[in-house]
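Worksheet for the structure shown next.
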Amino acid sequence: MEIKEKIRKFVANFIKTEEFGDDDNILLSTVNSLFAMQLIIFIENEFDIEVDNDELDLNNFNSVNAIADYIAFKTK
Amino acid sequence: MKIGVIGAGVIGTGVAHRFAQYGYDVSVVDIDPGKEKVMRRNIKNSIMGYNLVNGGEKKVDYKEVLEKISFSTELESLGECEYVIENVTEKIEIKKEVYLKLDSICNENCIFLVNTSCIPITKIAGYTSRKEKVIGAHFMNPVPMKNACEVIRGCYTSEETIKSVSDFLGSAGIKPIIVNDMSGFVSNRVSHVFMNEAAMVVQDGVASPEDVDAIFKECFGHKMGPLETADLIGIDTVVYSLDVLYEYYHDPKYRAAPIMKKMVDAGQLGRKSGKGFYNY
């Protein structure tokens, strides 16, 4: 499965809708620590990377495209 | 100050995290050595989640928090603790075994906080030679984010102990709400009836989990619905707690919904297993 598709599936499962675009800010309606924690666990486990404390910037994680870019950066 | 935390499950991990973040040296004990790795990873992820949302200058250094936590499989490592918070499984035989040992290991001034949602504190106190220093502390999940705790005064708990524990919790930003001892106290006695009946409603095909929860959130203004809450607590824990309430009161209103027993058999335990009333 493509990276973006995996991210979309994870986010859709959490926010209980598939009505969002790849550039939409997914954190606007779900910005809480529990979602953020699950998102980091998902990214680390699914893509076998370690998220660094210094990289915890909302801009890296606020949309499907932003997360996909971040993963691409970490795995290159 | 050194404190002890027994049990490195979901709640024990949260308790260790909270007190370590507030500067306490925390000794964690769990019979399973494999729990240490999981605990440290979960604390790290929890802090990272917090940092992502809160960002800026409020960022917490997870390495500093983890350094405050030590791990052992032996209760003997708790000999010098001033407070011990016990979070083992909600089964009286297991708790009894722990307290019989703990009482002989800890110094006489050590206060025992029984983290339970159901088991009477007075009964636990009876397993020790320090009944006045045993108190209930029902921490809420996720512990690092919940700033209040149901504190239970057993029949023999002294006023000194209540004051000491209130100050101790307060030092970690937790407000104690003090109630009296009777199985389920306030929170579980009321909330588990809600969750159980919500499960029955799904079982009977009256509504989907989403719709049951939507009524609580959108009509009653609750932050979470009862089935989301059950998934967060863990379906196995909810069923255990209902069994304890049923055993104590012999009231059929606490009979666990068959749908939840079936979910436990199937390993559908909620968030922690990736599937419960919802998929995660």
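Worth a mention:
- Evaluating B:Tyr127 against the criteria (1) in the same structural domain as B:Leu227 (by TED's automatic domain parsing); (2) surrounded by 18 or more Cβ atoms within 10 Å (Cβ to Cβ); (3) not hydrophobic (A, V, I, L, M, F, W, C) leaves one unmet condition, (1).
- Against the conditions (1) closer than 25 Å to B:Phe168 by Cα; (2) touching a Lys or Arg at 6+ places or on another chain (Cβ under 8 Å); (3) at pLDDT below 95, B:Tyr24 satisfies every one except (3).
- One residue from B:Val179, B:Val151 being surrounded by 23 or more Cβ atoms within 10 Å (Cβ to Cβ) and part of a strand (DSSP E or B): B:Val151
- Filter result for the condition that a residue is assigned to a helix (DSSP H, G or I), out of contact with any Gly (no Cβ under 9 Å at 6 or more places or on another chain), surrounded by 14 or more Cβ atoms within 10 Å (Cβ to Cβ) and within 14 Å of chain B (Cβ to nearest Cβ), over A:Ile71, A:Ile67: A:Ile67
- Residue within region B:120-132 that is at pLDDT 95 or above, of a type outside the set (A, V, I, L, M) and touching a strand residue (DSSP E or B) at 6+ places or on another chain (Cβ under 8 Å) present: yes
- In summary, B:Tyr127 fulfils each of the numbered conditions (1) touching a Leu at 6+ places or on another chain (Cβ under 6 Å); (2) not in a loop (DSSP other than H, G, I, E, B) with the single exception of condition (2).
Condition check ((1) under 18 Å from the mean Cα position of the chain (by Cα); (2) at pLDDT below 95) across all residues:
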site	(1), (2)
B:Glu150	yes, no
B:Cys155	no, no
B:Ser164	no, no
B:Phe168	yes, no
B:Ser171	no, no
B:Met182	yes, yes
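Yes or no, residue by residue, for (1) within 12 Å of chain B (Cβ to nearest Cβ); (2) under 13 Å from the mean Cα position of the chain (by Cα); (3) surrounded by 15 or more Cβ atoms within 10 Å (Cβ to Cβ):
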position	(1), (2), (3)
A:Thr17	yes, no, no
A:Asn45	yes, yes, no
A:Leu56	yes, yes, yes
A:Asn60	yes, yes, yes
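- Subset of region B:97-124 (residues that are in contact with an Asp or Glu (Cβ under 9 Å, 6 or more places away or on another chain), among the aliphatic types (A, V, I, L, M) and part of a helix (DSSP H, G or I)): B:Val98, B:Leu102, B:Ile105, B:Ile121, B:Ile124
- Matching residues in region B:54-93 - criterion: being under 21 Å from the mean Cα position of the chain (by Cα), within 14 Å of chain A (Cβ to nearest Cβ) and β-branched (Val, Ile, Thr): B:Val65
- Lone unmet requirement of (1) at pLDDT 95 or above; (2) more than 20 Å from the chain's Cα centre (by Cα) for B:Lys175: (2)
- Checking B:Ile135, B:Ile94, B:Ile162 one by one, the residue that is outside any loop (DSSP other than H, G, I, E, B), loosely packed, with under 15 Cβ neighbours inside 10 Å and without any contact (Cβ under 8 Å) to a residue 40 or more places away in the chain is B:Ile94 and no other.
- Matching residues in region A:23-43 - criterion: being hydroxyl-bearing (Ser, Thr, Tyr) and either at the interface with chain B (Cβ under 7 Å from one of its Cβ atoms) or surrounded by 14 or more Cβ atoms within 10 Å (Cβ to Cβ) (or both): A:Thr30, A:Ser33
- Residues satisfying the stated conditions in region B:1-42, i.e. surrounded by 14 or more Cβ atoms within 10 Å (Cβ to Cβ) and without any contact (Cβ under 8 Å) to a residue 12 or more places away in the chain: B:Arg41
- Against the conditions (1) at pLDDT below 90; (2) assigned to a helix (DSSP H, G or I); (3) not basic (Lys, Arg), B:Val60 satisfies every one except (2).
Matching residues to (1) at pLDDT 95 or above; (2) surrounded by fewer than 17 Cβ atoms within 10 Å (Cβ to Cβ):
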residue	(1), (2)
B:Asp243	no, no
B:Pro252	yes, yes
B:Met263	yes, no
B:Ala266	yes, yes
B:Asn279	no, yes
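- Listed by first and then second residue, the pairs linking a residue in region B:138-149 that is within 13 Å of chain A (Cβ to nearest Cβ) to a residue that is charged (D, E, K, R) and part of a helix (DSSP H, G or I), with Cβ atoms under 7 Å apart and 6 or more places separating them unless they lie on different chains, are B:Val143/B:Arg18; B:Pro144/B:Arg18.
- Subset of region B:244-280 [part of a helix (DSSP H, G or I), away from chain A (no Cβ under 14 Å) and under 17 Å from the mean Cα position of the chain (by Cα)]: B:Val244, B:Leu245
The values are calculated or read from the model by the stated rules, or taken from the named source; none is laboratory data. All figures in this text were calculated on a predicted structure; none of them were measured in a lab. Backbone-built Cβ (ideal geometry, glycine too); neighbour counts: all protein chains shown.
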